[in-house]
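**Student:** One structure is given below, represented as structure tokens, and several questions about it will come after.
Nothing in this text is a laboratory measurement; each read-out follows from the coordinates by a stated rule. Everything numeric here is computed off the predicted structure, so don't read it as measured data. Methodologically, a virtual Cβ is constructed for each residue, glycine included, from the backbone with ideal geometry; neighbour enumeration extends over all protein chains shown.
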Amino acid sequence: MAEEVRFGIVGLGMGLGRAKIALETKGARLVCVCDLQEAKAKAFAEAAGCEWTMSLDDLLGRGDIDAVGIFTPSGTHCDLAIQALQAGKHAFVTKPMDIRVEKCDAAIRAAEEAGKVLAVDFGNRYSKVNRQVKAALDGGKLGEIFLGDVRLKWFRKQSYYDGGYPPGWRSRKETEGGSIANQGVHYVDLITWFLGPVVEVYGRIGTLGHRIETEDICIAHLSYQSGALGLIATTTSNYPSLGTTVEISGTEGSLVWKDSGIEMFQTRDEEQVDVAGIEVPPGPKHIIEDMVSAITQGTRPAVPGEEGRRSVEIFTAVYESAQKGRPVVLHQQ
């Protein structure tokens, strides 16, 4: 069994932070970074003491890399992950898993065929508080849940959409989704982790505050397999930003989650539930630690490919519903 996992990171936007984490994580070794901007890749590699390249083929051709992290425009995630898997590497991608369900399915098949780990980096899954909330909900703390909703009201300047590398990728449907697929997907994953599979969505979208191809406001009604109903509202045109709120209502109480913390958790028999007292098993603190454990110990990643696919299926169904003007049925289990 390998004593350490050797990492390659592709894309030094969001990937820059993950590369730094790999330098500090026990059992991980950062071997090489890859970016299309030579100056960025070279400067980081020299500071970090690792190799650098501008060629994905060069990185994948190395025999001293076990796992590859993909931090590129969303529409490229699964294509690049498949290349990594077929090169004999384990792979993980930043959120969303992709912007097309069929790409997710292809990556999941590639991982199965290669016998390699495929995971999606959703930071909310590693939070101890969120794992305590999950345990409380699974344990029936709120009774039968009948309503779960997300409200994300953020502000992004036009320059956010015009920038990036290559410039403008966040504004184009070919490479990115809109407010629910890019910003909101964190919380689509979180609410479905808490409440379970979604079986139907009815969505409306608009582009009201930016010059972009993608949507910057989205409203979606959800029906969960459990029988609960829900609402997702996302926008990047809300000035000033009002943050993100997740609310869950059950027959025995309610929970309000606001910007990564618990604002209220109250039940009929407890004035205020103290989630700090809910015991959960220790778990990885981030995607790098998660991959080290999955590769060296065979543990299940917090978000394996088949779970990362769920949120993509939901937001693409929302887009389809908005286009067709009717509900769209999903087949999540």
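**Student:** Checking the condition under 28 Å from F146 (Cα atoms), in contact with a strand residue (DSSP E or B) (Cβ under 6 Å, 6 or more places away or on another chain) and surrounded by 13 or more Cβ atoms within 10 Å (Cβ to Cβ), which residue from I314, I262, I278 passes? I'd like the intermediate steps shown before the answer.
**Tutor:** Values: I262 fails: in contact with a strand residue (DSSP E or B) (Cβ under 6 Å, 6 or more places away or on another chain); I278 fails: in contact with a strand residue (DSSP E or B) (Cβ under 6 Å, 6 or more places away or on another chain).
One residue alone meets the criteria, I314.
**Student:** Being in contact (Cβ under 8 Å) with a residue 60 or more places away in the chain and farther than 19 Å from V329 by Cα is the filter here; which residues of segment 194-209 pass it?
**Tutor:** So the first thing to find is which residues in segment 194-209 are in contact (Cβ under 8 Å) with a residue 60 or more places away in the chain, and the list is 194, 197-205.
Once the filter is applied, which keeps residues that are in contact (Cβ under 8 Å) with a residue 60 or more places away in the chain and farther than 19 Å from V329 by Cα, segment 194-209 yields only F194.
**Student:** Considering only segment 305-330, how many residues are in contact (Cβ under 8 Å) with a residue 24 or more places away in the chain and outside any helix (DSSP H, G or I)?
**Tutor:** 5
**Student:** To continue, here is another question. Would you confirm whether any residue within segment 106-119 is surrounded by fewer than 18 Cβ atoms within 10 Å (Cβ to Cβ) and touching a Gly at 6+ places or on another chain (Cβ under 8 Å)?
**Tutor:** At the first step, the residues of segment 106-119 found to be surrounded by fewer than 18 Cβ atoms within 10 Å (Cβ to Cβ) are 106, 109, 112-113, 115.
If we keep only those that are touching a Gly at 6+ places or on another chain (Cβ under 8 Å) as well, we get none.
Looking through segment 106-119, none of the residues is surrounded by fewer than 18 Cβ atoms within 10 Å (Cβ to Cβ) and touching a Gly at 6+ places or on another chain (Cβ under 8 Å).
**Student:** Could I ask something else about it? Give me the pairs: first residue in segment 142-164 and farther than 22 Å from H186 by Cα, second residue surrounded by fewer than 14 Cβ atoms within 10 Å (Cβ to Cβ) and of a type in the set (A, V, I, L, M), beta-carbon distance under 8 Å, and six or more apart or on different chains, which are they?
**Tutor:** none
**Student:** When segment 31-78 is examined, which residues are found to be within 25 Å of I108 (Cα to Cα) and aliphatic (A, V, I, L, M)?
**Tutor:** V33, L56, L59, L60, I65, A67, V68, I70
**Student:** What is the one condition in (1) in a loop (DSSP other than H, G, I, E, B); (2) free of Cβ contacts under 8 Å to residues at least 12 places away in the same chain that D57 does not satisfy?
**Tutor:** Exception for D57: condition (1).
**Student:** Looking at segment 265-289, I want the residues that are acidic (D, E) and have a partner that is part of a loop (DSSP other than H, G, I, E, B) and surrounded by 10 or more Cβ atoms within 10 Å (Cβ to Cβ) with Cβ atoms under 6 Å, at least 6 apart or on another chain. Which pairs are those?
**Tutor:** Note: pairs meeting the criteria are E289/T25.
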